[in-house]
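Note sheet for the following structure.
Please treat every number below as a calculation from the coordinates, not as lab data. Note that the coordinates shown come from a computational prediction; the quantities given were computed from them, not determined experimentally. Neighbour counts run over all protein chains shown; Cβ positions are idealised from the backbone, glycine included.
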Amino acid sequence: MNKRFYVFILSTLVTAYSYADLLTVELFNQQQHSIGTIEFNDGDYGLLITPRLHDLPSGMHGFHIHEHADCSDHHLRAGGHLDPKATGTHLGPYQQGHLGDLPTLYVDQSGQSQQVLLAPRLKVKDLKQHAVMIHAGGDNYSNTPELGGGGARIGCGILSFP
């Protein structure tokens, strides 16, 4: 009986671990209407990001992890870009600036985004108690204009774990 108990506990832990590297979050626009979901999954080369978004303006959009798990006040309470090392610089997902800099999000002419992205410096565990943000404009990954010119916050989701 003890052997079965230990096998049960071990299989439960393995199952819990396999789900710990996957997170799905629902995003909302400023009117609090759902614009779809994003799935975050740990991969061999970093964080895989699978958007299933709709009802967005077409084009390129700044896309980031923000400091606070709060999308209230027109998404402003989410704070700035996640920057735990206090780099104070916006260099994009492949360099050593803000950790929250993600690859630019592409939205097609029908207002949908489904292109898988890779954030090589992040893992699912890094997302806990933060927010994911979509900006109105594109992102040039520099500090000029401020924060790369992404502009207004048009989509936000709270990254929390069950």
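Assorted remarks:
- Taking 0.36 nm per residue of separation and subtracting the Cα-Cα distance, full extension of the segment from residue 54 to residue 128 would add 24.2 nm.
- Paramagnetic label zone (point 7 Å from Cα along Cα-to-C-beta, residue 21; backbone N under 13 Å) in segment 31-64: 41-48
- Of all aspartates and glutamates in the structure, those lying under 18 Å Cα to Cα from residue 128, and not within fewer than 8 positions of it along the same chain, are 21, 26, 39, 42, 67, 70, 83, 101.
- Whether segment 27-111 is rounded, prolate or oblate, judged on the alpha carbon gyration tensor where a/c under 1.5 counts as rounded: oblate
- Qualifying chymotrypsin sites (Phe, Trp or Tyr not before Pro) for segment 16-101 [loop in DSSP, other Cβ within 10 Å: at most 13]: 45
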